[in-house]
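Accompanying notes for the structure given below.
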Amino acid sequence: MTELDLGAPVAELALALVDIPSVSGEETVIADAIEHALRGLPHLVVHRHGDAIVARTRLERPERVVIAGHLDTVPIKGNVPGGWSDDGRELVGRGSVDMKAGLAVQLSLAARLVAPTRDVTWVFYDHEEVAETLNGLGRLVREHRELLDGDFAVLCEPTSAAIEGGCNGTLRADVLIPGVAAHSARSWKGVNAIHGAAPLLTALSEHRAETITVDGLDYREGLSAVGVRGGIAGNVVPDECVVTLNYRFAPCWSTAEAQARLESVVGASGLERYSIVYTDLAPGARPGLDAPLAQSFASAVENSGAPAPRAKVGWTDVSRFGALGIPAVNFGPGDPELAHADDERCPVVDIERCHAALEAWLA
């Protein structure tokens, strides 16, 4: 079994985690190593469910904080094992940003904080980078909700060591545009469904996304065509075209309101006939920064030299905590724009800053 030294400098612990391959669906080895390391800490009660690990203090504090991160990465592209940049200032390798540096912060503090000022639930879960139905945190919500009880949550997604409040919601929808099949040598006998998609594609190219302020943070929306498919052969006029849309919507909208907003754009595009099938739908989460625990956490982060809190424009699992009524923020090392990049790299200073801010807040 791979041994993890939770007492090592946090950046070195992050490198050790990068060196354990854990592509989605292959998290068992890293889960085994984390479980083994945590079970050696007498101040924690450790639970395992599949490849998700939950470790909880039991100090009977009046407040409980949940600090969570996912184990899996996107596929490896020659970037495991990891290493250091030439100047030694960056951790390099798959998962260094998304999100093994964040996991290292969690594990280091789980070992160090024997008597934190608040009870802490440390969550390490599988299958975040793939289909929502496989998500390990979602599985814990459905099957072991009691393990996630808390007053505030921090998700250690990469944020360049700044607080990113809440998250946008996301939906995907297939717009089905009908046509009439015909031999392409006599195309006038049919109705080309791909050509029929032109009004919608034009409307999408001209659409200007809104920026909506929610509880003091600015969330920029996005509505895009992310796929077009149609046609069965090179000599057949296609009788159906499917345009897949992705709408990233501000957390002030419910999922029903987001669907209505998307449908208004499609309806105003000039399409004559169409139908819409929703294939993915996940609500956003409001910032949650008005909660007392969030405010005290924001003060600790500000004292570490981080900028003021900002909006998380992507979707993250803070949405799951929001749905449980638990205010939650994103806070972790690494530039989110480098997540999944082949040259993924995380500044060591980010790792140390996140570690120091969380330790100051909890200790």
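Data overview
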{"read-out": "Meets criteria (over 30 Å from E63 (Cβ atoms), touching a Lys or Arg at 6+ places or on another chain (Cβ under 7 Å), free of Cβ contacts under 8 Å to residues at least 40 places away in the same chain and assigned by TED's automatic domain parsing to the domain that holds A182) for T244", "value": "no"}
{"read-out": "Selection count, the stretch 152-166, where residues are part of a strand (DSSP E or B) and either among the β-branched types (V, I, T) or within 16 Å of the chain's Cα centre (by Cα) (or both)", "value": "5"}
{"read-out": "Checklist (1) out of contact with any Lys or Arg (no Cβ under 6 Å at 6 or more places or on another chain); (2) of a type outside the set (D, E); (3) closer than 27 Å to L59 by Cβ applied to N330, failing item", "value": "(1)"}
{"read-out": "Evaluation of L15 against (1) in contact with a helix residue (DSSP H, G or I) (Cβ under 6 Å, 6 or more places away or on another chain); (2) of a type in the set (A, V, I, L, M); (3) closer than 24 Å to D350 by Cα (one fails), failing number", "value": "(1)"}
{"read-out": "Subset tally (residues that are outside any helix (DSSP H, G or I) and out of contact with any Lys or Arg (no Cβ under 8 Å at 6 or more places or on another chain)) for the stretch 136-151", "value": "1"}
{"read-out": "Long-range neighbours under 7 Å by Cβ, at least six apart or interchain, first residue in the same structural domain as S269 (by TED's automatic domain parsing) within the stretch 193-204, second in a helix (DSSP H, G or I) and of a type outside the set (F, W, Y)", "value": "L200/V266; A203/V265"}
{"read-out": "Candidates A308, A341, A256 - the one that is in a helix (DSSP H, G or I) and surrounded by fewer than 21 Cβ atoms within 10 Å (Cβ to Cβ)", "value": "A256"}
{"read-out": "Unmet requirement for E337, which otherwise passes all of (1) free of Cβ contacts under 8 Å to residues at least 24 places away in the same chain; (2) within 20 Å of V65 (Cα to Cα)", "value": "(2)"}
{"read-out": "The listed residue being buried (at least 16 other Cβ atoms within 10 Å of the Cβ), among the basic types (K, R) and over 20 Å from I20 (Cα atoms), out of R64, R58", "value": "R64"}
{"read-out": "Flag for V130 being modelled with pLDDT under 95, more than 20 Å from P42 (Cα to Cα), among the β-branched types (V, I, T) and surrounded by fewer than 24 Cβ atoms within 10 Å (Cβ to Cβ)", "value": "yes"}
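One line per residue, one yes/no per condition, for (1) hydrophobic (A, V, I, L, M, F, W, C); (2) modelled with pLDDT under 95; (3) crowded, with 20+ Cβ neighbours inside 10 Å; (4) out of contact with any Gly (no Cβ under 8 Å at 6 or more places or on another chain):
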position	(1), (2), (3), (4)
V277	yes, no, no, yes
P287	no, yes, yes, no
D290	no, yes, no, yes
S296	no, yes, no, yes
S304	no, yes, no, yes
G314	no, yes, no, yes
G322	no, yes, yes, no
G325	no, yes, no, yes
F331	yes, no, yes, yes
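The values are calculated or read from the model by the stated rules, or taken from the named source; none is laboratory data. Bear in mind that the values here come from a model prediction, so they are computed numbers and not experimental data. Glycine also receives a Cβ, built like all others from the backbone with ideal geometry; neighbour counts cover every protein chain displayed.
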